[in-house]
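Engineer: Below is one structure. I have some questions about it.
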Amino acid sequence: MERRAILEFVAAAARAIPEGARVLDAGAGDAPYSELLAHTELRTSDWSNSPHEGGRAADIVSPLHSLPVPDGSFDAVLCTQVLEHVPDPAVVLSELGRVLVPGGSLWLSVPFVGQLHEEPFDFFRYTEYGLRSLVEAAGFTDVRVEPIGGYFSSLGLLLHACGLSIGVEATGSDLPRRALAAACRGIGTVLPRLDRLDRRRALPLGYTCRALSGDH
């Protein structure tokens, strides 16, 4: 549900980041956005407990709260759907600010609605105000936070999770459960089209954030 919006966000970041800029994909996993950032000097980071094979073979294998690189090593940092997996996001954001040059750009996305994943390393969900507060407290400026999707996308995501929640994979021969999961999935696929009706955007899938590094 959220991948298309995050892809568009990363594509916008790629257009804004100049050719030859030093970019860190923090918590890169299998580095799905490397093609978009091919015009930059891209380095990936992840940690040794990453569930992604590519993450365990990243350029920098280290927890995000302690990156083994000098201050100001990068012109931009990309960090998508990672901050929920760190036990101390304030420390991680401060570290991302440290490795950025002053005025360097941070491109971040976080979830607000979503089931547990990559357990037991799933610690947080973020509101707009909580995310902004954390980013500003880490010394970033010009912080811009935008919702990903809206109420109907979030409802659709919850319906898509029905099969996993009721154990369809574990009871594949149970026709009523399979039918329920299929119906929920079908409805959930259509619902995001109705996000244009959501005036409040108070229950989105998550948020994107753009910010600039201050002096560290």
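The values are calculated or read from the model by the stated rules, or taken from the named source; none is laboratory data. Keep in mind that what you see is a predicted model, and the values were worked out from it rather than measured. When we count neighbours, we look across all protein chains shown, and the Cβ atoms used for this are built from the backbone with ideal geometry, even at glycine. Note: areas computed on protein heavy atoms with side chains; ligands, DNA, RNA excluded. Shrake-Rupley method; radii C 1.70, N 1.55, O 1.52, S 1.80 Å.
Engineer: Evaluate the stretch 42-57: report whether one residue or more is among the basic types (Lys, Arg), under 17 Å from ALA21 (Cβ atoms), surrounded by fewer than 22 Cβ atoms within 10 Å (Cβ to Cβ) and free of Cβ contacts under 8 Å to residues at least 60 places away in the same chain.
Structural biologist: yes
Engineer: Which residue, of LEU108, LEU159, LEU175, LEU100, is over 22 Å from the mean Cα position of the chain (by Cα) and either crowded, with 17+ Cβ neighbours inside 10 Å or farther than 25 Å from PRO51 by Cβ (or both)?
Structural biologist: LEU175
Engineer: Quick one: in the stretch 1-28, of everything that is at pLDDT below 95 and touching a strand residue (DSSP E or B) at 6+ places or on another chain (Cβ under 8 Å), which residue is farthest from LEU155 (Cα to Cα)?
Structural biologist: ALA5
Engineer: Scanning for something closer than 26 Å to LEU158 by Cβ and among the aromatic types (Phe, Trp, Tyr), does the stretch 58-79 turn up at least one residue?
Structural biologist: No, every residue in the stretch 58-79 fails to be closer than 26 Å to LEU158 by Cβ and among the aromatic types (Phe, Trp, Tyr).
Engineer: Kindly indicate whether VAL86 is of a type in the set (A, V, I, L, M, F, W, C), open to solvent by less than 60 Å² (accessible area, probe 1.4 Å) and either farther than 27 Å from ARG201 by Cα or in contact (Cβ under 8 Å) with a residue 24 or more places away in the chain (or both).
Structural biologist: Answer is yes for this residue.
Engineer: If you go through the stretch 13-36, how many residues are among the basic types (Lys, Arg) and either surrounded by fewer than 16 Cβ atoms within 10 Å (Cβ to Cβ) or part of a loop (DSSP other than H, G, I, E, B) (or both)?
Structural biologist: Total meeting the criteria: 1.
Engineer: So, in the stretch 122-160, of the ones that are of a type in the set (A, V, I, L, M, F, W, C), in contact with a Ser or Thr (Cβ under 8 Å, 6 or more places away or on another chain) and outside any loop (DSSP other than H, G, I, E, B), which residue ends up nearest to SER105 (Cα to Cα)?
Structural biologist: VAL145
Engineer: Is at least one residue of the stretch 26-33 under 18 Å from ALA211 (Cβ atoms) and not β-branched (Val, Ile, Thr)?
Structural biologist: Yes, there is a match, as at least one residue in the stretch 26-33 is under 18 Å from ALA211 (Cβ atoms) and not β-branched (Val, Ile, Thr).
Engineer: Among (1) open to solvent by less than 60 Å² (accessible area, probe 1.4 Å); (2) among the β-branched types (Val, Ile, Thr); (3) more than 30 Å from ILE187 (Cβ to Cβ), where does VAL10 come up short?
Structural biologist: Of everything listed in (1) open to solvent by less than 60 Å² (accessible area, probe 1.4 Å); (2) among the β-branched types (Val, Ile, Thr); (3) more than 30 Å from ILE187 (Cβ to Cβ), VAL10 misses just condition (3).
Engineer: Let me ask another. Assigned to a helix (DSSP H, G or I) and either modelled with pLDDT of 95 or more or surrounded by 11 or more Cβ atoms within 10 Å (Cβ to Cβ) (or both): is that true of CYS209 in this structure?
Structural biologist: The answer is no for CYS209.
Engineer: Okay, next question. Do any residues in the stretch 176-192 that are under 14 Å from SER165 (Cβ atoms) have Cβ atoms under 7 Å from those of residues that are open to solvent by less than 90 Å² (accessible area, probe 1.4 Å) and of a type in the set (Val, Ile, Thr), where the two are at least six apart or on different chains, and which pairs are they?
Structural biologist: Partner pairs satisfying both residue conditions: ARG177/ILE166; ARG177/VAL168; ARG177/THR171; ARG178/VAL168; LEU180/ILE166; ALA181/ILE166; ALA181/VAL168.
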